[in-house]
Amino acid sequence: MSPLSQRTTPLAQRFRNLPISGAILAPLLALIVLFVISSLASEYFLNTRNLSNVLRQVSYTGIIAIGMTFVIIAGGIDLSVGSMLALVGVVVLYVLNTITDPFQAVILAMLAALVGGALLGLFNGLLVTRGRIAAFVVTLATMSIFRSLALYFTDAAEVSTRNPLFQGVGGGFVLGLPIPVWTFFALAVVSHVVLFHTAYGRHVCAVGANAQVARYSGIRVERVVLSTFLIAGVCVGLSAIMLTSRLNSVSPSDAGYFFELDAIAAVVIGGTALSGGRGTVWGTVIGALILGIINNMLNLTGVSPYLQGLVKGAVILLAVLLQYKRAP
Amino acid sequence: MPITHANGVTTMTLKRVLQKTALGAALMGTALTASAQEYTIGVTVPAAEHGWTAGLSWWAQQATEELAEKHPDVNFTVLSANSGTAQVANVEDLMIRNLDALVILPYNPATLQAVISEAYEEGIYTVVVDRELETPAQNVFIAGDNPGLGEQAARYIAEELGGEGNILVLEGPPIPINSQRVDAFNRVMENYPGINILASQNTDWNAQQALSVTEDLLGSNPEVDAIWAGDDDVLVAALQAIEENNRDDIQLVVGGGGSQRVIEMIRSDHPIVKGTVTYPPSMIASAIALAVHGVKGERLGDMYHGVPSRMILAADLITADNVEEYFEPDAAY
């Protein structure tokens with residue numbers, strides 16, 4: 001970003017110097033406008049059950065998008081998250097169906113998801129840092145590898161479980177909100193604190209802004225990059241728990257399909273620069289909500305299925321245009 | 001004929017669009033004034049990413065337009081999803097609209113099981129199409145006859161070849177639907193010792209994949225008499241490979257599904273494409289019709305019972321003899 005920021009106009013400078021709340025102003029406005037339009041377009045939109053549905057639908061990709069935010073701010077990208085979700089999901093169902101005690105099975109399956117996600121994220125991160133391969137290329141390859149392994153372990157068949165407790169995790173409610181939604185928001189709060197109120201978070205931003213300068217300032221760049229992929233992996237594990245338990249099954253060909261694109265779209269709509277260096281967790285949360293509300297509104301109003309992709313794409317472009325107009 | 005498309009051909013023109021909007025206005029009018037009972041039926045199908053699923057979307061639209069005219073007290077919403085997870089959201093969103101009936105062709109059954117069970121347990125009249133749930137959660141299950149498709153194709157090929165010859169089989173992906181078709185095909189062929197199945201390979205029911213698989217198979221098998229493709233899109237791709245390789249040893253190519261493209265070839269006396277077996281995407285149209293009658297508690301025709309709980313549509317062999325019956329020039333499949 002440094003050669004660019006030297007050329008930025010005072011106006012853009014002022015925007016950049018605003019506190020965090022300023023950075024998410026544009027996506028927040030977009031969200032509010034969309035919310036108002038949706039409540040006018042469909043009488044069912046403000047229905048509490050609908051709102052809780054939307055939040056739950058958003059949370060699976062939202063959780064992943066938060067992990068993606070770390071990776072992108074540090075200057076990387078992770079295309080493998082969708083396939084990773086399928087592979088971790090297969091592991092979860094395997095653990096569930098192997099262990100007989102239902103309670104133990106659920107606990108161990110959840111642990112396996114988090115550890116499995118972490119290991120796969122670590123694998124990505126090591127290839128990027130030690131292998132010195134571009135993140136785009138690494139995760140393009142592992143996207144294919146993870147999906148292929150998920151298909152191989154299951155012979156491409158869906159796996160479901162008869163565990164009586166598992167569905168309560170992703171399908172359950174606490175204080176009127178679905179558990180995946182609580183998980184999503186809790187993760188957002190923790191991630192926000194880590195990213196903006198710790199030395200580690202500052203290192204992530206510094207590495208993404210200019211890795212060379214960060215290295216000269218004594219930041220262990222490789223370790224920071226590696227850690228962002230690890231975080232993304234753990235987030236995928238968390239999302240895998242929520243999604244597979246909601247569905248009580250996993251489909252190796254289908255689970256996480258296109259999640260990488262939804263996650264990246266959420267991050268970008270939320271105002272995080274794809275070039276790295278700056279971004280916010282709340283922006284990502286808002287980006288995920290925007291995507292979820294668009295999908296929901298299109299379904300509620302019964303827009304032709306052929307046109308839904310167009311509307312979704314147009315809103316993404318619009319949201320991003322609104323933000324980047326200020327940067328020359 | 002499993003097709004509800006009885007009142008003739010429609011043309012995709014401005015006229016149609018005008019009709020649609022007029023119909024929409026009429027519906028809104030009735031919605032405001034109607035004191036009669038209103039029914040809401042939601043339909044969700046996999047997105048049109050393949051010839052057959054495109055046909056599915058087309059027939060769903062067609063049937064809802066026609067049925068809305070015949071049943072002004074019924075509202076329809078048709079959604080499609082490009083993944084099982086997206087279809088779960090479809091069903092959740094449909095349920096918000098106080099649904100009376102749900103018609104669903106599940107993208108993949110296990111993924112959709114939980115949410116379909118929720119709808120069914122809420123008392124929504126549920127029609128599951130084509131792909132059966134592991135734990136039944138529906139009022140009606142309607143599907144095509146997969147083993148029948150394989151059987152009909154095998155009998156036709158065996159008879160056309162006079163019980164003697166080398167054949168190639170282009171299979172679908174390793175899913176139950178495919179194995180039902182292929183197993184039935186092979187069972188029939190066991191009765192014909194003169195028929196030699198040279199190879200049976202997966203094409204993923206994908207045209208591009210089918211093209212390269214057929215090229216490879218033709219390269220390694222110099223003497224082939226017939227090819228069976230379990231899917232009509234695959235047949236079209238295989239045909240291209242045959243033509244590009246100038247293989248005049250092949251006398252017969254038989255498909256599966258009953259796409260308009262292949263029906264058109266049979267109609268115009270194609271030298272080697274002589275038959276296909278129906279596995280009609282219009283099953284979604286019949287499913288929607290069943291939902292209309294089911295939710296209203298009506299009987300079908302002269303039946304003495306309500307809507308049956310299982311319905312398997314016949315797999316019909318289409319050849320030059322009966323091709324006109326299946327010709328539907330506007331259909332997407």
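Of all residues in the stretch A:38-70, those satisfying the criterion of being within 10 Å of the chain's Cα centre (by Cα) and more than 10 Å from chain B (Cβ to nearest Cβ) are A:S59, A:G62, A:I63, A:I64, A:A65, A:I66, A:G67, A:M68, A:T69, A:F70. Could we say that B:I175 is modelled with pLDDT of 95 or more and either over 23 Å from the mean Cα position of the chain (by Cα) or hydrophobic (A, V, I, L, M, F, W, C) (or both) here? No.
Scanning the stretch A:165-179 for residues that are assigned to a loop (DSSP other than H, G, I, E, B) and open to solvent by less than 10 Å² (accessible area, probe 1.4 Å) turns up just one, A:F166. Residue count for the stretch B:295-328 satisfying the condition of being touching a residue at least 24 places away in the same chain (Cβ under 8 Å), closer than 29 Å to B:S259 by Cβ and of a type outside the set (K, R): 18. Filtering the stretch B:73-88 to residues that are closer than 21 Å to B:S57 by Cα, open to solvent by 10 Å² or more (accessible area, probe 1.4 Å) and in contact with an Asp or Glu (Cβ under 8 Å, 6 or more places away or on another chain) leaves B:N75, B:N82, B:T85. I need the full set of residues from the stretch B:148-173 which are surrounded by 18 or more Cβ atoms within 10 Å (Cβ to Cβ) and free of Cβ contacts under 8 Å to residues at least 40 places away in the same chain, in order please. Listed by number, the list holds a single entry, B:A158.
When A:L122, A:L108 are screened for being open to solvent by 40 Å² or more (accessible area, probe 1.4 Å) and under 30 Å from A:I73 (Cα atoms), only A:L122 passes.
Rundown of residues vs (1) free of Cβ contacts under 8 Å to residues at least 60 places away in the same chain; (2) open to solvent by 10 Å² or more (accessible area, probe 1.4 Å), yes/no style:
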{"position": "B:I175", "(1), (2)": "yes, yes"}
{"position": "B:N206", "(1), (2)": "no, yes"}
{"position": "B:A210", "(1), (2)": "yes, no"}
{"position": "B:T214", "(1), (2)": "yes, no"}
{"position": "B:E223", "(1), (2)": "yes, yes"}
{"position": "B:A238", "(1), (2)": "no, no"}
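Of the residues contained in the stretch B:289-307, one or more are found to be touching a Pro at 6+ places or on another chain (Cβ under 9 Å) and either assigned by TED's automatic domain parsing to the domain that holds B:Y107 or open to solvent by 30 Å² or more (accessible area, probe 1.4 Å) (or both).
Of the residues making up the stretch B:109-142, just one is in contact (Cβ under 8 Å) with a residue 60 or more places away in the chain, in contact with an Asp or Glu (Cβ under 7 Å, 6 or more places away or on another chain) and surrounded by 24 or more Cβ atoms within 10 Å (Cβ to Cβ), namely B:Y125. Taking residues in the stretch B:69-86 that are in contact (Cβ under 8 Å) with a residue 24 or more places away in the chain and within 8 Å of chain A (Cβ to nearest Cβ), and partners anywhere that are part of a loop (DSSP other than H, G, I, E, B) and open to solvent by 30 Å² or more (accessible area, probe 1.4 Å), the pairs with Cβ atoms closer than 6 Å and at least 6 places apart or on different chains are B:T77/A:G302; B:S83/A:Y257; B:G84/B:Y107.
Per-residue answers, yes or no, for (1) at pLDDT below 95; (2) of a type in the set (V, I, T); (3) in contact with a helix residue (DSSP H, G or I) (Cβ under 7 Å, 6 or more places away or on another chain):
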| site | (1), (2), (3) |
| --- | --- |
| B:E66 | no, no, no |
| B:N98 | yes, no, no |
| B:D130 | yes, no, yes |
| B:A137 | no, no, yes |
| B:I142 | no, yes, yes |
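Within the stretch B:89-108, restricting attention to residues that are open to solvent by 10 Å² or more (accessible area, probe 1.4 Å), facing chain A (nearest Cβ under 7 Å) and touching a residue at least 24 places away in the same chain (Cβ under 8 Å), which residue is farthest from A:S304 (Cα to Cα)? For the stretch B:89-108, the residue satisfying everything is B:N108.
Take B:D249 and tell me if it is in contact with a Pro (Cβ under 7 Å, 6 or more places away or on another chain) and part of a loop (DSSP other than H, G, I, E, B).
Working: in contact with a Pro (Cβ under 7 Å, 6 or more places away or on another chain): no; part of a loop (DSSP other than H, G, I, E, B): yes.
Answer is no for this residue.
Among the residues of the stretch A:234-263, those that are within 11 Å of chain B (Cβ to nearest Cβ) and among the charged types (D, E, K, R) comprise A:R246, A:D254, A:D262. The set of residues from the stretch A:148-164 being away from every other protein chain (no Cβ under 12 Å), open to solvent by less than 40 Å² (accessible area, probe 1.4 Å) and not aliphatic (A, V, I, L, M) comprises just one member, A:N163.
The one condition from (1) open to solvent by less than 10 Å² (accessible area, probe 1.4 Å); (2) part of a helix (DSSP H, G or I); (3) more than 21 Å from B:V129 (Cβ to Cβ) that B:A285 does not meet is (3). Can B:Q180 be described as under 17 Å from the mean Cα position of the chain (by Cα), open to solvent by 10 Å² or more (accessible area, probe 1.4 Å) and modelled with pLDDT of 95 or more? For B:Q180, the condition - under 17 Å from the mean Cα position of the chain (by Cα), open to solvent by 10 Å² or more (accessible area, probe 1.4 Å) and modelled with pLDDT of 95 or more - is not met.
The values are calculated or read from the model by the stated rules, or taken from the named source; none is laboratory data. Quantities reported herein were computed from a predicted structural model and do not represent experimental measurements. Glycine also receives a Cβ, built like all others from the backbone with ideal geometry; neighbour counts cover every protein chain displayed. These accessible areas exclude ligands, DNA and RNA; they are computed on the full protein's heavy atoms, side chains included. Shrake-Rupley method; radii C 1.70, N 1.55, O 1.52, S 1.80 Å.
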